[in-house]
Amino acid sequence: MDKQQEFVLRTIEERGVKFIRLWFTDVAGTLKSVAVAPAEIEGAFNEGIGFDGSAIEGLARTSEADMLLIPDPATFQILPWRGTVDPAARMFCDIATPDYKPALADPRNVLRRSLDKAAKMGFSFYVHPEIEFYLLRSSEVGQDGLPVPVDNAGYFDNVPGGTAHDFRRRAVTMLEQLGISVEFSHHEGGPGQNEIDLRYADALSMADNIMTFRTVIKEVAIEQGVYATFMPKPFTDQPGSGMHTHFSLFEGDKNAFFDPSASYHLSNTARQFMAGVLRHAPEITLVTNQFVNSYKRLWGGGEAPSYVSWGHNNRSALVRVPLHKPGKPQSTRIEYRAMDAAANPYLAYALLLGAGLKGIEEGYELPLESEDDVWLLSDMERRAMGIVSLPQSLAHAIRKLEESELAAEILGESVFNYVLANKRQEWAAYGAQVTPFEIAQNLRTL
């Protein structure tokens with residue numbers, strides 16, 4: 001037994017933990033949980049906990065149903081919202097086959113495979129997400145059929161006595177108790193919209209942190225009598241909720257993206273990584289933006305990127321190069337602006353990293369910077385500049401992923417096929433709906 005496992009067992013005993021929740025994520029990005037008693041944890045470390053993988057979205061076929069959950073002791077944390085009476089803890093798990101081999105369809109394993117490839121190239125991958133969400137009075141809609149936000153405040157507004165202040169304070173405190181460091185929190189542009197930015201971490205830890213973050217936000221909302229949603233575009237006329245994510249590669253302690261003599265201090269490695277992300281962005285958008293509603297955000301304005309371009313201080317660009325902090329080479333990074341907060345972070349980070357590494361391997365050339373607001377350019381101007389669009393709908397994104405050899409390689413056959421099948425089903429169900437728009441537009445005129 002290693003030291004981390006010993007620490008977990010000792011902490012469980014010393015803190016009187018009564019339940020340990022074993023967490024894992026299905027291919028669709030939904031957090032799953034099974035609670036076990038303290039007496040079972042040592043056995044779980046050694047032999048795993050068996051479960052029916054065929055009952056979990058995309059994980060296994062019925063003929064391969066038997067799976068094992070292997071707890072990762074490095075992710076052990078006491079759950080602060082459970083209080084001190086019968087305290088509970090959690091650990092994320094890796095999923096394995098009965099012969100203890102990593103399950104190919106485990107999203108955590110998909111990301112780990114991409115990270116292993118990066119490591120063989122000498123890189124570690126760090127990410128920093130800015131996570132947006134809406135706070136609503138409840139999950140029910142108002143008399144007008146629309147969600148009801150908790151306030152009518154705007155970007156960076158200070159609302160004395162407002163719900164969002166207390167909410168963010170409580171949420172940030174709870175995240176810190178779980179070992180998740182927070183950089184900023186503030187009110188965003190939409191009514192009831194908030195943003196919390198997590199501090200840089202390695203991609204696997206951050207994917208775990210994002211899954212924990214969503215749970216914390218939901219738990220605090222319940223505690224405070226409101227409702228939190230990560231839906232990408234809950235309001236037609238208000239900004240969508242994204243998850244802008246900053247990326248950097250490190251070689252040991254050195255930021256591989258930094259070159260003091262280069263434009264914007266971007267090394268050749270950074271430029272090739274960006275080129276890879278840009279070239280492959282359309283074909284991986286189905287994973288970074290996985291719902292019908294995601295495309296209402298991407299094509300609904302509000303600074304969401306719709307076109308494949310990059311810029312230094314251009315917030316209409318898909319990839320932005322933030323201002324370098326003088327004397328801080330570690331801060332050189334790129335920002336990917338398409339992803340929304342409802343994505344499966346394990347799969348999304350695996351694909352974005354894989355696309356960037358492909359750019360480095362193949363020596364992709366970075367296209368010219370776009371200094372103009374891409375939204376304001378004409379179609380002819382965009383074509384002349386070689387700027388293509390992101391998928392305009394879930395159906396368009398499905399077609400792009402179907403054609404992607406890179407995504408098939410990174411995700412693996414089972415995850416690749418499941419994502420496509422799952423999203424085809426969603427698009428078919430959406431297409432069969434008669435919407436309020438159609439009723440309002442056509443009922444009295446046709």
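Nothing in this text is a laboratory measurement; each read-out follows from the coordinates by a stated rule. Values in this document were obtained by computation on a predicted structure and should not be read as measured data. Note: ideal-geometry Cβ built from the backbone for every residue, glycine included; neighbour counts use all protein chains shown.
So here's what we get for this one:
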quantity	calculated
Overall Cα dimensions of segment 3-101, principal axis frame, Å, largest first	42, 26, 19
Loop GluC sites (Glu not before Pro), segment 235-308 (other Cβ atoms within 10 Å of the site Cβ: 15 or fewer; DSSP)	E303
Length released on extending from D86 to L31, taking residue separation times 0.36 nm less the Cα-Cα span	17.5 nm
Peptides 191-197, 177-183 ordered by average Cβ neighbours within 10 Å, highest first	191-197, 177-183
Estimated FRET transfer efficiency when R0 is 35 angstrom, pair N46-D202 (beta carbons, to 0.05)	0.85
Fully extended contour minus Cα-Cα distance, from T173 to M1, at 0.36 nm per residue	58.7 nm
Sum of -39500 (n - 2.57) over DSSP H runs of 4+, divided by residues of the chain (222 nm, nearest 500)	-11500 deg cm²/dmol
Neighbour-count order for V8, V434, fewest beta carbons within 10 angstrom listed first	V434, V8
Largest-first ellipsoid semi-axes for the chain, taking √(5λ) over the Cα gyration tensor eigenvalues, angstrom	33, 28, 24
In nm, spacing of pseudo-spin labels at Y430 and W375 (7 Å Cα→C-beta vector)	2.0
Amide N proximity, segment 83-115 versus D166 label position 7 Å along Cα-to-Cβ, cut-off under 18 Å	none
From phi via Karplus (6.51, -1.76, 1.60), per-residue ³J(HN,Hα) for segment 433-446 in Hz, x at Gly/Pro	7, 9, 8, x, 4, 5, 4, 5, 7, 10, 4, 8, 10, 10
Protection proxy ranking of 33-44, 230-241 - average other beta-carbon atoms within 10 Å, highest first	230-241, 33-44
Length added when fully stretched, E183-N442, from 0.36 nm per residue minus Cα-Cα	88.4 nm
Cβ-derived FRET efficiency at R0 51 Å, N422 paired with A384, nearest 0.05	0.85
Which of W310, W81 has the fewest Cβ neighbours within 10 Å, and the rest in rising order	W81, W310
